[in-house]
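The values are calculated or read from the model by the stated rules, or taken from the named source; none is laboratory data. Since the model is a prediction, treat every value here as computed from it, not as a measurement. Methodologically, a virtual Cβ is constructed for each residue, glycine included, from the backbone with ideal geometry; neighbour enumeration extends over all protein chains shown.
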Amino acid sequence: MIKSIVLGIILASILTLQTFAFTPLHVIHQSRNLSHDTCLTYFQSKSTFLESFNENQESELIQLTHKDIEWILSPPPEMPMMDKLKIKAGAKALHAELVLKDQPIPPVLCPIGGKAELECFKDGKKIAKFGFTTNRGPSAPPIDETIEEYFGVSKSIDGKGIGAIIYMFVEPEFRGRGIGTLALEAIAAVQIVQGCDFTVLVADDDGSGKLIKWYEDYGYKQAPRLQNLFGSPDAEFGITMIRPTSVRSDIFADCQIKWW
């Protein structure tokens, strides 16, 4: 039994070093940044958010909270299966080691590679999924100019850390129940732990304006200077938007994200 536990701890240490990017709050921060070329590839296809914007319908539906659902942080879908299995095995082993040693469990632990998928489950059924970046991506002059104009924040010596939301999808029967807002909170919580200062996205609502308004209500601002930088010239794939990455200080009290 003792030998098995020791082997499990060794496996956890090896796989963790190979497969996880730890965060400044608890452990070593992964230093790999996103290149501008990489950022562009995130938005070559439309970044869509299939949520309901029927105000009457929303008022009639029971709104969900973080305590009603389960969040699971997973590697991105395009990652090879063997790499996913290694990451899952390493995560489970690490979690078991921390429990065994009676050490605090980090609220967030991201898979290496700079991207992740946040899955949303309700009563054991996956009802939504959200893709986003998890590394502190580099800034650029158009981003710095936008941040200073809209938010009054001057460029710092080490620049601003930029995160991105790639896609948001909610199953049709669960739209209009507030899952999108909960997801924005959960993603922001992860990106803050990862050292991101601002979050960008490309919103495509086919010209209706409802999705743009929904993001604006959450604090996002339209950022025309960033259209080309994020692969949507002339708003071809939607409107580029940006927001300071912030959440309430007690977010992890009720928003628990399972990473193992």
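It is to be established whether one or more residues within segment 213-228 are among the hydrophobic types (A, V, I, L, M, F, W, C), over 27 Å from VAL108 (Cβ atoms) and surrounded by fewer than 21 Cβ atoms within 10 Å (Cβ to Cβ). Explain how you work it out, then say what you get.
Of segment 213-228, the ones among the hydrophobic types (A, V, I, L, M, F, W, C) are 214, 223, 226.
The next check asks that each one be over 27 Å from VAL108 (Cβ atoms); those that pass are none.
No.
Just to be sure before I move on: is LYS84 of a type in the set (D, E, K, R), over 30 Å from ASN228 (Cα atoms) and over 13 Å from the mean Cα position of the chain (by Cα) in the structure I sent? Yes, satisfied. Suppose we keep only residues that are crowded, with 16+ Cβ neighbours inside 10 Å and of a type in the set (A, V, I, L, M) within segment 73-89. Which one would you say is farthest from LYS258 (Cα to Cα)? Per the criteria, the residue is MET79. Could you check, for segment 61-72, whether at least one of its residues is out of contact with any His (no Cβ under 7 Å at 6 or more places or on another chain), part of a helix (DSSP H, G or I) and at pLDDT below 95? No - not one qualifying residue is present in segment 61-72. In segment 73-123, the residue that is modelled with the lowest pLDDT out of those that are assigned to a strand (DSSP E or B) and among the hydrophobic types (A, V, I, L, M, F, W, C) is CYS110. Which one of PHE198, PHE174 is of a type in the set (A, V, I, L, M, F, W, C) and surrounded by fewer than 20 Cβ atoms within 10 Å (Cβ to Cβ)? Testing whether each residue is of a type in the set (A, V, I, L, M, F, W, C) and surrounded by fewer than 20 Cβ atoms within 10 Å (Cβ to Cβ) leaves just PHE174.
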